[in-house]
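Trainee: Just dropping this structure here.
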Amino acid sequence: MNLFRNLLFWIVLALAGALVAQLLVQDPGYVLVRYGGNDYTTNVPKAILIAGATLIGLWLAWKVLSLPFAAVRRHRKKQARARLIDGLDALHQGHWSRAEKSLALAARSDDVASIAHVGAAQAATARGDAAASAQHLDSLSNAGYPTTRALAAAELALAEDRADEALVALDAPAAQPLPPRGLLLRARALAALGRAGEAYGLLGALRQQQAVPAERLSLLEAQWAEASLREAADANVLADRWEALPKPLKSEPAAVAAYAERAAALRWEEAAAKSLEQALDTRWDESLAALYGRLPIGRLDARRGNAERWLSAHPASPALLVTLARLARAQGQWPQAEAYLHRALAQGANSEAWEELGHGFAAAGDDARARLSYANALRAARGEAASELPGRDLRQKIFDEAVVEERDEHGMPRLRG
């Protein structure tokens, strides 16, 4: 296509030249130039040639006169690029002082000023000179790069846990509109300041502009969703944020736990329990099963009924057994709670089960076994072997050993029979 256009241009130019030449042959014209009392006459073709030769001569003279200046400019650009490369390499290797010096010199060239000032600011920050870093960043604004300055300042501030300063830099009017990387930095700053709900609201723009890979964006979405639920100021805000979550996130353990715990704290007990129940019915998770027993939301009979229903499908779940023990003890049924806890320990329960045993023994007035249970909780937390509780007869010990004798195809313990 370019070849066709070029060919057409030259054909048209040749035709135009031929037409002009034909006209001049028929009537060469007459040109009179009067200057300084003298008359100069010629025809049009000669006048055109003289004018063209004069212009070419002036152009050649200008080129000859400007050669030294052009050579100086080329030398400066080459020197600036060399300093930039050397400075960036020194920055990568951790030679902060050398990097800052080279990059500061390179920044004198407008062609590489933006990247050189950013690198110099990073080098100054790395060697602990905040004043020099700020000076390099301010030079970016003076050189006409306000957005670049905002991004560099925000990144350096976030690296030092100064999210408020990062947000101020990114919200500067001169830095708007923010590029994709600026949106990501702003979302990170908002999340760090406890405004994860606003950070979550930027996900659409981040996804549209492909600011981060899809896999990492999914991780950020889950993190900010969980944090935004925990930050909800009241039940209405919590409900709105929960309803706005995509369906897959509503079954993610971290998000469900955040919603349930915040709902329980806001005395929204029904919503807290229902969220956990729906999540556990959809996909079993040990952490949510444990949380179901820990939440201070009442509804003991209903929760225990659900836990016993789940136990038929998950008989070897340590978390579920501890939850049943908590609910039974809350209902004043310590013997049943103790049986669940021993069964949980046989299934590999952690220090939580020992601690619950200690609470139960202490409430029952059995101080000796309570102290031993609390000690075992500490040992289990440190990965040490627990001491045997006194008072367990042979039949009970055989049962404890039997419940962990078989394991399923995933290596999880299961009950016999």
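The values are calculated or read from the model by the stated rules, or taken from the named source; none is laboratory data. As the structure is a computational prediction, the values presented were derived from the model and not from experiment. Please note: Cβ atoms are built from the backbone with ideal geometry, for glycine as well, and neighbour counts cover all protein chains shown.
Trainee: Could you look through segment 329-356, keep only residues that are of a type outside the set (Gly, Ala, Ser) and within 42 Å of the chain's Cα centre (by Cα), and pick out the one that is modelled with the lowest pLDDT?
Mentor: 350
Trainee: How about segment 312-336: which of its residues are over 17 Å from residue 377 (Cα atoms) and part of a helix (DSSP H, G or I)?
Mentor: 312, 313, 320, 324, 327, 328, 329, 330, 334, 335, 336
Trainee: Another question about this same structure. Need pairs with beta-carbon distance below 7 Å; first residue touching a residue at least 24 places away in the same chain (Cβ under 8 Å) and closer than 13 Å to residue 115 by Cβ and within segment 131-157, second surrounded by 18 or more Cβ atoms within 10 Å (Cβ to Cβ) and among the basic types (Lys, Arg); sequence gap 6+ or separate chains.
Mentor: From residues that are touching a residue at least 24 places away in the same chain (Cβ under 8 Å) and closer than 13 Å to residue 115 by Cβ, the pairs are 140/149.
Trainee: Moving on. Would a scan of segment 259-280 turn up a residue that is of a type in the set (A, V, I, L, M) and within 23 Å of residue 386 (Cα to Cα)?
Mentor: Looking for residues that are of a type in the set (A, V, I, L, M) and within 23 Å of residue 386 (Cα to Cα), one finds none in segment 259-280, hence no.
Trainee: If you go through segment 68-83 one residue at a time, do you hit one that is surrounded by 11 or more Cβ atoms within 10 Å (Cβ to Cβ) and of a type in the set (A, V, I, L, M)?
Mentor: yes
Trainee: Please report, ordered by residue number, the helices (runs of 4 or more DSSP H) entirely within segment 159-209 with at least 1 residues that are more than 22 Å from residue 134 (Cα to Cα) and not polar (S, T, N, Q).
Mentor: It comes to 180-192, 196-201, 203-208.
Conditions (1) touching a Phe, Trp or Tyr at 6+ places or on another chain (Cβ under 8 Å); (2) surrounded by fewer than 21 Cβ atoms within 10 Å (Cβ to Cβ); (3) under 30 Å from residue 73 (Cα atoms); (4) not assigned by TED's automatic domain parsing to the domain that holds residue 79, marked per residue:
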site: 121; (1), (2), (3), (4): no, no, yes, no
site: 126; (1), (2), (3), (4): yes, yes, no, no
site: 135; (1), (2), (3), (4): no, yes, yes, no
site: 138; (1), (2), (3), (4): no, yes, yes, no
site: 179; (1), (2), (3), (4): no, yes, no, yes
site: 185; (1), (2), (3), (4): no, no, no, yes
site: 196; (1), (2), (3), (4): yes, no, no, yes
site: 203; (1), (2), (3), (4): yes, yes, no, yes
site: 212; (1), (2), (3), (4): no, yes, no, yes
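Trainee: Among 174, 150, which is the only one that is within 29 Å of residue 137 (Cα to Cα), crowded, with 19+ Cβ neighbours inside 10 Å and not assigned by TED's automatic domain parsing to the domain that holds residue 258?
Mentor: The match here is 150.
Trainee: Considering only segment 84-94, how many residues are buried (at least 18 other Cβ atoms within 10 Å of the Cβ) and at pLDDT 85 or above?
Mentor: Of the residues in segment 84-94, 5 are buried (at least 18 other Cβ atoms within 10 Å of the Cβ) and at pLDDT 85 or above.
Trainee: Among what's in segment 267-326 and is among the basic types (Lys, Arg) and farther than 19 Å from residue 254 by Cα, pick the residue that is surrounded by the most Cβ atoms within 10 Å (Cβ to Cβ).
Mentor: Across segment 267-326, the extreme among qualifying residues is 326.
Trainee: What number of residues in segment 62-99 are under 32 Å from the mean Cα position of the chain (by Cα) and farther than 22 Å from residue 144 by Cβ?
Mentor: Adding up the residues that qualify gives 13.
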